[in-house]
Each structure stands twice: as C-alpha cells, then as structure tokens.
Amino acid sequence: MTTDELRNKFENFKAIDDKWLFLLSLAKENKCTENIREDKWLIQGCSSKIWLKPSYVNNSLQFEVDGEYGISLGLAKLATLLYNGSTAQEAHQVDQNIFIEIGLLNGLSATRNNGFTSILKTIRMYIEVYRRI
C-alpha cells in the first residue's frame with residue numbers, strides 16, 4: 001500500500017467509526033505464515049501483545065505481525081502494509097507523518113498511541129538495519 005492509497009482510503013471514510021472498523025477488519029484478516037509469537041519478536045511498549053517479524057528477501061521488506069485481536073493488531077497490520085514489498089531505501093523515505101495526516105491518531109488512547117509509536121520505531125529500526133546490508 002502506498003501513502004497515496006492510504007490517504008485515499010481514509011478520505012473515503014464517511015463516519016469516524018469507519019477507521020476503527022477498518023482496523024478491526026485488518027486484525028481479523030491478519031494471517032501469519034508461521035508462529036512468530038516468540039519473545040525476540042515481541043514489541044516492547046505496547047499494552048497489547050504484538051509480535052513483529054521482519055525479513056528481507058530479494059531486496060524486498062516483509063513484516064509479519066501477530067497479536068491479540070483488536071485495534072492494536074489492526075494498527076500494526078496497517079503499518080506493515082505501508083512497508084511490505086518495498087526496498088529498505090524506499091521504506092526509509094516513507095514519511096511516518098502520514099498517520100497523523102490521515103487522522104489515524106485522533107481518538108486513540110494514550111496507551112494505544114504509545115504502542116503504535118513503539119511499532120513504528122521498531123519497523124524503522126529494522127529498516128535501518130536492512131539499509132546497511
């Protein structure tokens with residue numbers, strides 16, 4: 001998903017609850033190719049348990065997420081959709097302010113906002129690691 005696609009998706013929501021329903025649908029549809037529920041993939045700083053496993057194959061980033069069903073998992077899945085399939089250099093250029101721009105953070109509790117920030121920081125850390133490979 002590109003930032004333009006993400007922007008368009010959120011612009012088309014008619015009611016404020018539409019974004020929450022969208023995040024819940026992402027959480028419900030989330031599928032992992034393997035069990036990633038290991039301590040090494042657990043995101044620190046989330047009130048919900050969210051696991052994020054990165055891979056970089058053929059110059060392409062892939063993030064898998066798993067966690068307890070709900071908004072937090074939907075947020076994590078949305079973040080990974082923005083980066084999956086891109087090179088580390090392309091991912092580095094993504095402006096994470098897109099999430100503020102689309103109003104995603106409006107209405108999030110402080111705890112969820114902190115958790116989402118932790119997810120984004122973890123993704124950024126992996127992007128920087130893969131940029132050096």
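A few comments on the model shown:
- Restricting region 90-123 to residues that are under 16 Å from S48 (Cα atoms) and in contact with a helix residue (DSSP H, G or I) (Cβ under 8 Å, 6 or more places away or on another chain), the residue that is modelled with the lowest pLDDT is L108.
- When region 10-29 is filtered for residues that are of a type outside the set (A, V, I, L, M, F, W, C) and either part of a helix (DSSP H, G or I) or within 25 Å of E128 (Cα to Cα) (or both), the ones remaining, listed by number, are E11, D17, D18, K19, S25, K28, E29.
- Search result, residues across region 52-85 that are over 17 Å from E34 (Cβ atoms) and of a type in the set (D, E, K, R): E68
- Residue selection: V94 fails the criterion of being over 13 Å from R124 (Cβ atoms) and under 13 Å from the mean Cα position of the chain (by Cα).
- Region 28-54, residues that are out of contact with any Asp or Glu (no Cβ under 8 Å at 6 or more places or on another chain), more than 11 Å from E64 (Cβ to Cβ) and open to solvent by 100 Å² or more (accessible area, probe 1.4 Å): K28, E29, D39, K40, Q44
- In region 50-68, the residues that are among the hydroxyl-bearing types (S, T, Y) reach residues that are open to solvent by 20 Å² or more (accessible area, probe 1.4 Å) with C-beta atoms within less than 7 angstrom, at least six apart or across chains, in these pairs: S55/Q62; Y56/Y130; Y56/I133; S60/G85; S60/T87.
- Scanning region 71-128 for residues that are open to solvent by 60 Å² or more (accessible area, probe 1.4 Å) and either in a loop (DSSP other than H, G, I, E, B) or under 18 Å from F22 (Cβ atoms) (or both) yields Q93, D95, N97, I100, E101, N106, G107, R112.
- Selection from region 30-56 of residues that are part of a helix (DSSP H, G or I) and among the aromatic types (F, W, Y): W41
The values are calculated or read from the model by the stated rules, or taken from the named source; none is laboratory data. Owing to the predicted nature of the structure, the values given are computational and were not obtained by experimental measurement. Don't worry about glycine lacking a Cβ; one is built from the backbone with ideal geometry, like all the others, and counts go over all protein chains shown. The protein model used for the area step is the full one, side chains on, heavy atoms only, and it has no ligands, DNA or RNA in it. Shrake-Rupley method; radii C 1.70, N 1.55, O 1.52, S 1.80 Å.
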